[in-house]
Amino acid sequence: MATSLTVPKTLNYPPGMDYQLLRREGMRYLERLGSGIWTDFNAHDPGVTMLEVLCYALTDLGYRTQLPDADLFIPVDNRKAFFTAAKILPNAPVTALDFRKILIDIEGVKNAWLEGCGKPTVYFNWMLDREINLQIPDLNRKGLKEETFDPIPPFNLKTFKLTLNVPESSPPQPKEYTIEEYLQTIYQLKPAQRKTPELHLRAAIGDQVIKEILPEQIKKYWLLLHAAQYLHDAQKWVSVNGITDQRIKILKELGAVARTLKFVEYNADNADTDIAKRVKALRTSLTKKTLLEEVLKDPDFARYFFAEPVWPQLMDGLSVKPTDSPSPYSLFKPKGIYKVYLQLEDGFEYEKNTITEQALKRLHENRALSEDFEGITVVDKARVCVHTQIEIAPDADPVQVYADLRYTIENFLAPPVPMYGLQEMLDRHAAFTLTETSITQLTEAELPDEILQNLLPLQEQLWIGIEAWRKAVTNAVGQVVMDDYEGLLYQHTIKTYESDEVFQGPLLRHGFIGDAELANASWRRVVYKSDLFQVLSATKNVVRVTRLQIHKSPKNDENDDTVEKEWCLSFDCDCQPTLDPECSEFTFTVNGRPVRFDIMDQYEAIGKLEQLRAQDAKIDRTGNMDLPVPRGTQRPDLDEYVSIQEEFPRTYHVGREGIASSHPPLRKAQVKQMKGFLMFFDQILANYLAHLAEVRNMLATDMTVEKQALYQALYDVPNVQPLLMAFDESSSWEDFKKDPENGYLKALHSLTNGSDTSRRLRQNKIIDHLLARFGEQFTDHALRLFEIEQPLDDDGENDGSLADWLEDKQKMLRKLPGLGRRRGQGFNYRPAAEDDYRHFWDSDNEVGFKRRVLAQMGVEDWRRRTITCSPRFYTDTRLETGGRSKRYRFGIKKDENASSFWLLSTALYSREENASHAADDFYARAADINQYGIVRQDKDYFAGFWNGNDPRTRDNALLISSPKNEMQANLLLSEIKNYIARQCQVKSFYVIEHILLRPADEYYVPLKPVADIQNFSQSDPYSFRITVIVPNWVGQFLDPLFEELVRSEVPAHVAIHFVRIDHSEMLDFEPIYFEWLKAKTDPETSDFHLREATNMLVEELNKKR
């Protein structure tokens, strides 16, 4: 299509390219500045000539800056200097929709859903033969004479009798039971007769251990019993830990709580009324503001009060005390655990196991921090029969209508999830505009005038998304015209694309999924006849639906979970309703007369139906899911500069022809003076072009912090040699130009780049700008932690530390796609196994936020690895002379060539190999700097190493130095500690997700909640909670800013508990943590070994609560 070329009447240049504008503004400035002494502003004036030459030069700069962005930013070496949209914008799954997307992307999966586990099975222990008796402590010595609590008769849970209905009796038959008898009765029932368990009891009855559900009424009653025990324990705690005036006030408040515990006989009649009222009254009493205020005034009692699980469980659930553990723990309703359901595509039923494995692999690869998956269920088909009579249009093809109706019903019962190509998805989020140019181009394309007239009202309107544009244009020109000319109209409509809307969520292999369509593709558990009537009526060529009936297929007779009603079908099962064509019946009429539709027509309709289904088939779009970086034209001459002195008339003698030797010295001096004046402008202009040429490197994501030349030498200025003070005219000009250290270049570098610190601070601003483009920043916390390790001097100068910091920021910029995409992920505990356990140890299979924290701290190695280390002392043995037999000591030196030992063992060994073995044992603890110290004996001082916390003497030291004075001993101790610190600064920490430690049965050791008096309801120690194990010998980790940095990177809903441990504690912890990881990451691990490994880790964590 030809486009006419015209010369615009009015030139409209950018200001930097508008010569007349620049000259006019320059003249205005000169008139305002120098009108008192400068009166001639005509073109022949030398000053005006200079202005015009400079304006001309500026237009050249303006032209170059207006080159296409792709030309300015294309790297000279064609390297990938910028992140593509598909690399930087997608993120790992965060929402339920995101997880559904990665599952639907699996070949053979039609739809997927995630549901929270609302009724988890949690086990707990209880001691049946336990007697609860409220005792009044002796408080007389504090002047408290009245009874704090109303006396309550003792009761024994083993003999306590309840009146309950016989299980599964109809009508209900009340009977008196002990708890033991009731549990045995339930246990004897068949599993199918028992209700679905919510909470289980493990009770020891003789040698028999039973596990079964407790009715809700018994749980509430036991809650009252627990409260009684809790109030008794509170009194006991006060009497043991000291009675104070404040604690007497607390006990008085608790007395009011005790008065709500009016125990009555438990029976079926009062279970739902009286007991519920008492539990409510108890909760109200324990949550009184006055009580909480009094408790918080006594921090020691508050820690006991709020760590006792009974109190928070009055808010949510029930607390129990294990039979074999003195400390109680809480029941919990874990959050963040999801059950996954998959609907398979037709024909993939026999690949269910393979698809389930692929789905599980993807889920674990993308698992969010402190969340987990309970399992995957492939939903069954619940077949539905549809009987309907349809009135169709007279000109309709019954075969096509039948195919359309089948396709409509299938999509109604199980909505498909469409997947779009890149261009399709871009169009769904693009801004569409019909401009004046669009109308002109459509006119030149010979679009009929009538259509153009209908389009004129739409000119300059804006539509977001192709569907909105298509609807507006169709309303303007009609459906028939739209069908004929949509491609032409689309081509000439101006489209503005935004890639960030397209690349939200995870990047898939088969295309993009719209959030709206995915949200609408919900799991249909109820099929309403009215809804189906509407979708059938809306089918093309359907005039009306004259009859409609739905019922379950005879194939589903064994499914008791399908409920049939006159107006709906309800499916209370893990199943997806689907049309059963064998029991369905479709009849058609035209104007009330039946239409022939035989078996051959049905076969033909099946072929058309397959064509419709093919529209939903997945297409592998691997390699076509990214927007290419715009390809520009390489312009290696972007910084090429021609001196403005070449543009002056020859009469000025500043150009390449110079000035003749016959001119007088004064004239020659004037020319030289003018050239020197113009050199300032030349240098500024040339440096500007150097900056412009360097933009492609300065703003590239793979930029380096090396010195960047932001200037260029003016060696090509005509007759420049006499103007350069650094050039000796008696020397070689060519040698001067080749010398990178000549005085001229040094002066340019100093003027443009400044000091190394100034240059680095400028580079720091550029990197901050690039990070900010992706919503990232090096936080103030990270800067402070960097200064802890490498402090800057007062003037900002430091021997390379600022450069190191810039390099760390640059490394983070390069790794930004991975750091940003995985920031909220947990570690994959189902990876493919590797040799030497590298799938979880010495592995980058780590939580996402840890990578980001360490990256900001300048730590490039974020692998999960061993943190403890042994300092590389040089150990040797020494033969002790004297006596009748040989004796050996082992000692440590700085290196092999050291003339003397730092420390020697105090023990003597009969054999040299025994001394060597003892040295090996010492190495396991050698990095613990807290075990080194100084002791004094008589007038001498000794540096040494001790094992344990006993009072230190020279005799109980493991290793000791020779006698020294106090200063020498302190210098030696400092030297040893510094030596250890330099070699054992492994900057890493461990992250433990509590949700992965949750009990799978009653034999798991429960994790204790963290005592936090600011969070009264922290009774669930598993949900959205992590523990960060930090080595206390790394300086950066000791600063409170480290915790702030971690909290800024961890998702806001996840609570963090920091535990700092020393070297010896870390030596104990790491093997336990390793064994748990080994068991957790191996799907073949037996339940017994996983439980043992988990219990050992939980017990270790419980010591640090």
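Bear in mind that the values in this text are calculations on the coordinates, not laboratory data. What you are looking at is a predicted structure, and each value in this text was computed from that prediction instead of being measured. Every residue, glycine as well, gets a Cβ built from its backbone with ideal geometry; the counts of neighbours run over all protein chains shown.
So what is the relative contact order of the stretch 4-103, in percent, for Cα pairs below 8 Å that sit 6 or more residues apart? Contact order relative to length: 26 percent. Dipole orientation for the stretch 874-983: of the candidates ALA918, ALA969, ASN947, ALA969 has the Cα lying most toward the positive pole (charges on Cβ; Lys, Arg +1; Asp, Glu -1). Remark: the ASN947-ASN965 segment gains 4.1 nm on full extension, using 0.36 nm per residue and subtracting the alpha carbon distance.
Kirkwood hydrodynamic radius computed over the stretch 332-461 comes to 21.3 Å, based on all pairs of distinct alpha carbons. Excluding GLY116 itself, what net charge comes from residues whose Cβ is under 9 Å from its Cβ, given Lys and Arg +1 and Asp and Glu -1? With Lys, Arg at +1 and Asp, Glu at -1, the neighbours total +1.
What number, in percent, do you get for the relative contact order of the stretch 431-496 if the mean sequence gap of Cα pairs under 8 Å and at least 6 apart is divided by its residue count? For the stretch 431-496, the relative contact order is 53 percent. The spread of Cα positions in the stretch 1015-1105, taken along each principal axis and listed from longest to shortest, comes to 42, 33, 22 Å.
Computed from backbone phi with θ = phi - 60° and the Karplus coefficients 6.51, -1.76 and 1.60, the 3J(HN,Hα) list for the stretch 758-763 is 4, 5, 5, 5, 5, 5 Hz; x is used for glycine and proline. Mean sequence separation of contacting Cα pairs (under 8 Å, at least six apart), scaled by the length of the stretch 1022-1105, corresponds to a relative contact order of 30 percent.
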